[in-house]
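Note sheet for the following structure.
The values are calculated or read from the model by the stated rules, or taken from the named source; none is laboratory data. Values in this document were obtained by computation on a predicted structure and should not be read as measured data. No Cβ is skipped: glycine too gets one built from the backbone with ideal geometry, and neighbour counts run over all protein chains shown.
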Amino acid sequence: MTYFLLILGFLFLIKGADLLVDGSSSLAKRFGISDLVIGLTIVAFGTSAPELLVNIIASIQGASDIGIGNILGSNIANIFLILGVAAIIYPLKIKRSTTWKEIPLNILAAVALFLLANDLLIDKMPESIITRIDGFILILFFIIFMYYTIHLAKSEKNHNEKFQSKSVLVSIIMISVGVVGLALGGKWVVDGAVDIAKMFGLSEALIGLTIVAVGTSLPELATSAVAAYKRNTDIAIGNVVGSNIFNIFWVLGLSAIIKPLPFVPEINTDIIVFLFATILLFVFSFTGTKKHVDRIEGIIFLVCYIAYLVFLVVRG
């Protein structure tokens, strides 16, 4: 049954991603909203649903290692694994606004998490905890991000003619079914993977940073891969960058409000890796063929991710 759910989960993820990309693009075209804005909001929110689900459950059950590890592991996978695969499928053009605004917001998210989580290191407190106040601060950052995307939606228009525009109702149904498919598929894949991992005696922290992180990032992987295949790089990029912001500001903020999250200092290494991945993405937005994240850079991302996984296994 475990293996059956795992396979079924993958099928739901792939079809859900396909519906979400087509529905979102159609909606963007219908209302004259840019694909980048749709990627940063509707698609990012939809593909972050598994992380939100896992973290709420982890917060309620007090499994903070899985909750925090899931977010950081997912964000690292989003850049190294997902953008790596997407760039290999089709070179990713990064807009100027993404380079100078959305990617720096990812850097801000990493720095904010480091400062809020390290009570022991910064304030010399007995232990480090992401408190409810910290959670509200993260939510405030999220509100600022949403305000920015609303402003972006007003300033950018959609000129993409590659997608057939469907009715608003059909587009919303496609998006809704896609999100449900992604959420169910992500949960089934994670549940199956965790059960299999436990058979081999892996630790909770390692499961959170690897199996659960990759599992909850599968919607982003499926969505960005499909978007790249369909030459819609704005959604591929916006999905990943937006999802990373959602994960820290919204998902982790909400999780801490539900129940404060104890923070293990060793996880600082993973925050640094996420920060490095984001800075590398920023650098790649200026290099490559025609300032795209090209296939060579996509391969570099994948090599970095493999190296990170090896590090996690060695760390235990």
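Do we have any residue at all in region 59-75 that's in a helix (DSSP H, G or I), touching a helix residue (DSSP H, G or I) at 6+ places or on another chain (Cβ under 8 Å), of a type in the set (A, V, I, L, M) and within 19 Å of residue 233 (Cα to Cα)? No; the residues of region 59-75 include none that is in a helix (DSSP H, G or I), touching a helix residue (DSSP H, G or I) at 6+ places or on another chain (Cβ under 8 Å), of a type in the set (A, V, I, L, M) and within 19 Å of residue 233 (Cα to Cα). Summed over region 111-120, residues that are part of a helix (DSSP H, G or I) and either of a type in the set (Ser, Thr, Tyr) or under 19 Å from residue 276 (Cβ atoms) (or both) total 6. Comparison of 195, 123, 134 shows that the only residue that is of a type outside the set (Gly, Ala, Ser) and closer than 30 Å to residue 3 by Cβ is 195.
When residue 200 is tested against (1) among the hydrophobic types (A, V, I, L, M, F, W, C); (2) under 26 Å from residue 301 (Cα atoms); (3) more than 18 Å from the chain's Cα centre (by Cα), exactly one condition is not met: (2). Pairs linking a residue in region 90-102 that is among the polar types (S, T, N, Q) to a residue that is outside any helix (DSSP H, G or I) and surrounded by 20 or more Cβ atoms within 10 Å (Cβ to Cβ), with Cβ atoms under 7 Å and 6 or more positions apart or on different chains, are 99/285. Go through region 1-25 and give me each residue that's more than 21 Å from residue 214 (Cβ to Cβ) and touching a Phe, Trp or Tyr at 6+ places or on another chain (Cβ under 6 Å). Answer for region 1-25, where residues must be more than 21 Å from residue 214 (Cβ to Cβ) and touching a Phe, Trp or Tyr at 6+ places or on another chain (Cβ under 6 Å): just 25.
Can you pull out the residues in region 141-199 that are at pLDDT 75 or above and farther than 30 Å from residue 11 by Cβ? 141, 142, 143, 144, 145, 146, 147, 148, 149, 150, 151, 152, listed by residue number.
Restricting the search to helices (runs of 4 or more DSSP H) fully inside region 191-310 and requiring at least 1 residues that are surrounded by 24 or more Cβ atoms within 10 Å (Cβ to Cβ), touching a helix residue (DSSP H, G or I) at 6+ places or on another chain (Cβ under 6 Å) and of a type outside the set (Ser, Thr, Tyr) gives 213-229, 233-245, 253-258, 268-284. Is it the case that residue 214 is more than 13 Å from residue 78 (Cβ to Cβ) and not acidic (Asp, Glu)? So residue 214 fails the test.
The single residue among 84, 135 that is at pLDDT 90 or above and in contact with a Ser or Thr (Cβ under 9 Å, 6 or more places away or on another chain) turns out to be 135.
Determine whether residue 14 is surrounded by fewer than 24 Cβ atoms within 10 Å (Cβ to Cβ), hydrophobic (A, V, I, L, M, F, W, C) and more than 23 Å from residue 236 (Cβ to Cβ). In short, no.
The number of residues in region 78-100 being assigned to a helix (DSSP H, G or I) and over 18 Å from residue 250 (Cα atoms) comes to 16. The conditions of being at pLDDT below 80, buried (at least 23 other Cβ atoms within 10 Å of the Cβ) and touching an Asp or Glu at 6+ places or on another chain (Cβ under 8 Å) are not met by residue 74. Considered as a group, the residues in region 115-130 that are surrounded by fewer than 17 Cβ atoms within 10 Å (Cβ to Cβ) and in contact (Cβ under 8 Å) with a residue 60 or more places away in the chain include one that is nearest to residue 67 (Cα to Cα), and that residue is 127. Residues in region 32-48 that are assigned to a helix (DSSP H, G or I) and surrounded by 21 or more Cβ atoms within 10 Å (Cβ to Cβ): 35, 36, 37, 38, 39, 40, 41, 42, 43, 44, 46, 47. The single residue among 27, 52, 108 that is of a type outside the set (Val, Ile, Thr), in a helix (DSSP H, G or I), more than 30 Å from residue 257 (Cβ to Cβ) and touching a helix residue (DSSP H, G or I) at 6+ places or on another chain (Cβ under 9 Å) turns out to be 27.
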